[in-house]
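The structure appears below as structure tokens.
The values are calculated or read from the model by the stated rules, or taken from the named source; none is laboratory data. What you are looking at is a predicted structure, and each value in this text was computed from that prediction instead of being measured. All Cβ positions, even for glycine, are placed from backbone atoms using ideal geometry, and neighbour counts span all protein chains on display.
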């Protein structure tokens, strides 16, 4: 379905930017650039839910941004349904639904207008988009605030709207960057239920998270990224077996320790 | 591209700041500000003209006719002083004891017909822009001098029509080849550009900040970048939005001023707007507005490029603030005396548009130069749009 091979992405450091002692020890700093992603590879099959784990600054967001074509990799390749994403990013964008870590809504547009705008950008007809929005708003229980401006919504409402916007075009692959960060329990549950719904429908999902309970309840596979490289890529069962007690936290720490060593 | 354009317009139309800049400011606030300024200026002038200035006259008895004219002038009131020396009188004027000291030489005799020039001294504050005391004195001296001239000419046997021949040996009958419109254009043409061009800039600046730096700050840009729309179409959609608001601001302001001018003119019995419109003609008016299009394209692309580079709304404001001052420099250049629309000045951005508008208002535009101005402005706009599109492709700019 999607295959990522040896992705790498470096960013130039700001002029005059001084590096700390810790940064000087970090292998990702080379000369005047910071290699946010050095070597990330993994694949995702139909119906898979992949949890992307890693400490803060490991390169998860940069990887997801490259996957969603917002950023162009310096090296490596991304193949989606046998097509080269880097060669034809527009085609990939039609097939990927992406939810960034910020909801990224237009404050002066209503929930309906926000979702409809992106549906139009995906080339959906007025009839099709209305039907799809109605379906999504029912699924996410959004009808009560459909005509409310985003600037007046609660964070839960915003997150629901952002999810609806990300999947309005019925993407073949859904990518979510820390979708439950900063949400209350009720909204988190809505998001998790939504991911379960996608899984049940056979839609592959890749999402980054720091919540290991979400990984344990949703994921088939786990990818750990550490210092810009894939440190682990395998099934949830294999990952949990890295800890003698099957504890995901300990498994995660074991991977990080091993990589750091 | 059109989806982006329509969405941006919808969003901007719901933004109070944009509505204020594009609609409220030109329709209500500008006319109110200019109206108030006019009212204040009129009041200040009226008060100044009604003001009574205290004066002292030294040796007034030597020129009784002049002293009498001064005494009965409605803006002067005589006071007395014991001072006679110029420096002492100057200090007294500075101290506010009186406003004017007139020193007539002790040897002057207004009644005599001596053919000798006399030098009088007027001491007053010449600093005010409206030199009212100076103007009053000039009129009084002119009138008094004419009387003396007539008396003196009579003593040497010059009377009747000969007087005019001596006082004004050559009388000029000036016939202007310029039409009223040309005179109007010379006086007002440069100022029209001075008003319209900054309006276009102002109309572009806030929306450019909002839909580029603002979008970056709100986190919506990333979501937009992963939609199946090319970045060229994306930036062109935004560019068209900024262009629309810039032109709308200028157009609304012109219509607003025209409307208010017509209304006030009708009420006050002054038909200056109707006269100006009749002199200008529809084609010229359309040409003036058409010239603003490539100019606003320059502003829109430059402002959008700056704004997308900024990390935040505030940073964009910091870049664009000083740029607004730069707009006035080429416009001020066009207002300088002697700066005309030539093949060379036709290549100076903004100055050329300003000079062109002036020539259009005057009705003396050279179509060849006009074409060059339009071509050079369109070319510059094209280069800046291309740069803006290129700028939007750069990750270093979008993800700073």
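Considering only segment A:10-23, I want to know if a residue exists there that is in contact (Cβ under 8 Å) with a residue 12 or more places away in the chain and surrounded by 24 or more Cβ atoms within 10 Å (Cβ to Cβ).
no
I need the full set of residues from segment B:304-341 which are exposed (fewer than 14 other Cβ atoms within 10 Å of the Cβ), in a loop (DSSP other than H, G, I, E, B) and without any contact (Cβ under 8 Å) to a residue 60 or more places away in the chain, in order please.
Within segment B:304-341, B:336, B:337, B:338, B:340 meet the criteria.
Go through (1) more than 24 Å from the chain's Cα centre (by Cα); (2) free of Cβ contacts under 8 Å to residues at least 24 places away in the same chain; (3) under 23 Å from residue B:300 (Cβ atoms) one by one and return the number of the condition residue B:344 breaks.
All conditions are met except number (3).
What are the residues in segment B:212-256 that are over 39 Å from the mean Cα position of the chain (by Cα) and under 18 Å from residue B:387 (Cα atoms), if any?
Selection gives B:230, B:231, B:232, B:233.
If you go through segment B:22-31 one residue at a time, do you hit one that is under 30 Å from residue A:118 (Cβ atoms), away from chain A (no Cβ under 14 Å) and either in contact (Cβ under 8 Å) with a residue 24 or more places away in the chain or surrounded by 14 or more Cβ atoms within 10 Å (Cβ to Cβ) (or both)?
For segment B:22-31, residues under 30 Å from residue A:118 (Cβ atoms), away from chain A (no Cβ under 14 Å) and either in contact (Cβ under 8 Å) with a residue 24 or more places away in the chain or surrounded by 14 or more Cβ atoms within 10 Å (Cβ to Cβ) (or both): present.
Please go through segment A:76-111 and pick out each residue that is out of contact with any strand residue (DSSP E or B) (no Cβ under 8 Å at 6 or more places or on another chain), surrounded by 22 or more Cβ atoms within 10 Å (Cβ to Cβ) and more than 10 Å from chain B (Cβ to nearest Cβ).
Of everything in segment A:76-111, just one residue is out of contact with any strand residue (DSSP E or B) (no Cβ under 8 Å at 6 or more places or on another chain), surrounded by 22 or more Cβ atoms within 10 Å (Cβ to Cβ) and more than 10 Å from chain B (Cβ to nearest Cβ), namely A:111.
Looking at segment B:352-400, which of its residues are within 14 Å of chain A (Cβ to nearest Cβ), in contact (Cβ under 8 Å) with a residue 24 or more places away in the chain and assigned to a helix (DSSP H, G or I)?
B:392, B:393, B:397, B:398
Are any of the residues in segment A:130-146 within 14 Å of another protein chain (Cβ to nearest Cβ), under 25 Å from residue B:9 (Cβ atoms) and surrounded by 14 or more Cβ atoms within 10 Å (Cβ to Cβ)?
Checked against the condition, which is being within 14 Å of another protein chain (Cβ to nearest Cβ), under 25 Å from residue B:9 (Cβ atoms) and surrounded by 14 or more Cβ atoms within 10 Å (Cβ to Cβ), segment A:130-146 yields no hits at all.
What number of residues within segment A:65-75 satisfy the criterion of being touching a strand residue (DSSP E or B) at 6+ places or on another chain (Cβ under 7 Å) and within 10 Å of chain B (Cβ to nearest Cβ)?
Result for segment A:65-75: 3.
Against the condition surrounded by 22 or more Cβ atoms within 10 Å (Cβ to Cβ), more than 12 Å from chain B (Cβ to nearest Cβ) and either assigned to a helix (DSSP H, G or I) or within 23 Å of the chain's Cα centre (by Cα) (or both), how does residue A:164 come out, does it pass?
When the stated conditions are applied, residue A:164 passes them.
Looking at B:195, B:140, which is the one that is modelled with pLDDT of 85 or more and in contact with a helix residue (DSSP H, G or I) (Cβ under 8 Å, 6 or more places away or on another chain)?
Exactly one of B:195, B:140 is modelled with pLDDT of 85 or more and in contact with a helix residue (DSSP H, G or I) (Cβ under 8 Å, 6 or more places away or on another chain), namely B:140.
Looking for something under 23 Å from residue A:10 (Cα atoms) and within 14 Å of another protein chain (Cβ to nearest Cβ) - is there at least one such residue anywhere in segment A:38-57?
Looking through segment A:38-57, none of the residues is under 23 Å from residue A:10 (Cα atoms) and within 14 Å of another protein chain (Cβ to nearest Cβ).
Consider residue A:62 carefully, then state whether it is in contact with a strand residue (DSSP E or B) (Cβ under 6 Å, 6 or more places away or on another chain) and within 13 Å of another protein chain (Cβ to nearest Cβ).
Yes; evaluated as a whole, the condition is true for this residue.
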